Amino acid sequence: EIFTPDRFIPLIAQFNLSHRFDMCIMEKLLLWLRDHPSTQAGARFSVNLMPLTLMQKEVATEICALFERYGVAPQSVVIEITEEQAFSNSGCSIHRIAIDDFGTGYANYERLRRLQADIIKIDGCFIKDICTDDMDAMIVQSMCNLAKTKSLCVVAEYVETPAQRE
């Protein structure tokens, strides 16, 4: 039987296993990357880590140690966090961060001005009707302008057509 994240993540949280789970995922990813080096320049893999893991002060050191152990370049992995995590005062000091589901939670222009990230991932709810909904198009344009001003990379979820990409 396949267990989807909506079924197993609550169990991980309930039994306070997020740090252990996330470190296992990071280790498996880095092991795979070591054993399957990319031939494409700039190839990157993204991984979502849970809020409770990222709030632990030692996690950045642990993740860096895993990169060293497996000889994987840190530039090849993007750690994704939610807007809530990005705007919290968790003291997280991991570099190369992507803000996942951007625009659906805590984003406001005052907070965005202080945003410390490398990538924003625009939530798919703004993309699915972008060709027919002027408001969605305007919101996405605003996000892209902000990202350009801050030299952030933009990724949009649920882009399925050339028109949506444009």
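The values are calculated or read from the model by the stated rules, or taken from the named source; none is laboratory data. A quick note: this is a predicted structure, and the numbers were derived from the prediction, not measured. Here the Cβ positions follow ideal geometry from the backbone for every residue, glycine too, while neighbour counts run over all protein chains shown.
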Inset, instruction - Go through region 35-51 and give me each residue that's at pLDDT 85 or above, of a type outside the set (Asp, Glu) and not in a loop (DSSP other than H, G, I, E, B). - result: PHE45, SER46, VAL47, ASN48
Legend entry - Subset of region 2-34 (residues that are exposed (fewer than 12 other Cβ atoms within 10 Å of the Cβ), part of a helix (DSSP H, G or I) and either touching a Lys or Arg at 6+ places or on another chain (Cβ under 8 Å) or among the aliphatic types (A, V, I, L, M) (or both)): LEU11
Inset, instruction - Just need a number here: residues in region 52-87 that are modelled with pLDDT under 90, outside any helix (DSSP H, G or I) and under 15 Å from ILE119 (Cα atoms). - result: 6
